[in-house]
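Read the structure below first, then the notes.
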Amino acid sequence: MSIGNSNSPEEERPSTDDRSEDRLVERSVEERSIGTALKKARIAAGLTVDEVSSITRVRIPIVHAIEEDDFTRCGGDVYARGHIRTLARAVHLDPAPLVESYDAAHGGRPAPTPAAPMFEAERIRPERQRPNWTAAMVAAIVAVIGFVGFTAFSGDAEKEKRPVAEGSASPKPAPKQTGGKPAAQPSQVPPAAKPEPSDSAIAAAPKDLVTVVLTADTGESWISAKDSTGRLLFDGTLVQGESKTFTDKESVDLVLGDAGVVKLFVNGKEIKDDFQPGQVERLTYTKEDPSQGQPQAG
């Protein structure tokens, strides 16, 4: 009779029923923790949450929530199943047992519902429409053609309303001849030149006034004229052929910018001073002149 433990090795081993019960408990725990299974598989695959999000296009907050068994952020059972399948394939797990575990924990597989925009993994963003440049160009061309046509029509209407220009008017008939000589046409009469002061007009200058007549004879000259009180009588340029007459009871002061081109008459007599072209002269004349012209100082 042997002393000691009488149990045989077969008796120390757990029964088949005990091993089956342990597997069922372990399987039940795994089924209740889908997120833990996905997280362990992700870590075993050497992937971070950011990398899984980039691969699956599931947003990072949703990945974290699923790994914590929080499916409320998925937007519904249909989208939760889709996320579970997508994440399981990314970490090399069979998605079917995980989806079955989710259905068992959430009342079975419901009827499919239409997709909603919250399923970020399957949402397709609409392509941005580009501007229709062809239609814009056609509209611009039509506008330009309409503007050109309107401008041409308006121009024709203005021409019809505009009176006939003076140069295009029909010539009036010449007056009937009453004498022997034909009447001169207005276009044949040369323009009358400005008459120079005649000797008789100069001689008729009043004796009780100082009378000075300036004529730009061979060119133009700037002149300035003042009376005896210093009042400015004229300050400007005489063009060739133009004359100016100045009078005063006492004296007339002159400044000639180009004395060489000016013909000067004082009290009816021409002053014959030898003025040179471009020479500036300051002169003063009184009623006793032209016995002598008195240049001003300075």
Evaluation of Tyr102 against (1) within 23 Å of Pro61 (Cβ to Cβ); (2) at pLDDT below 85 (one fails), failing number: (2)
Restricting attention to region 67-94, report how many residues are assigned to a loop (DSSP other than H, G, I, E, B) and in contact with a Lys or Arg (Cβ under 7 Å, 6 or more places away or on another chain). 1
More than 20 Å from Thr286 (Cα to Cα), open to solvent by 10 Å² or more (accessible area, probe 1.4 Å), in contact (Cβ under 8 Å) with a residue 24 or more places away in the chain and acidic (Asp, Glu): does that describe Asp258? yes
For region 260-288, which positions are more than 16 Å from Lys244 (Cβ to Cβ) and assigned to a strand (DSSP E or B)? Lys269, Arg282, Thr284, Thr286
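The values are calculated or read from the model by the stated rules, or taken from the named source; none is laboratory data. Nothing here was measured: the structure is a model prediction, and the numbers come from that model. For neighbour counting, all protein chains shown are included, and Cβ atoms are generated from backbone atoms with ideal geometry for every residue, glycine included. The area values use the complete protein model at the heavy-atom level, side chains included, leaving out ligands, DNA and RNA. Shrake-Rupley method; radii C 1.70, N 1.55, O 1.52, S 1.80 Å.
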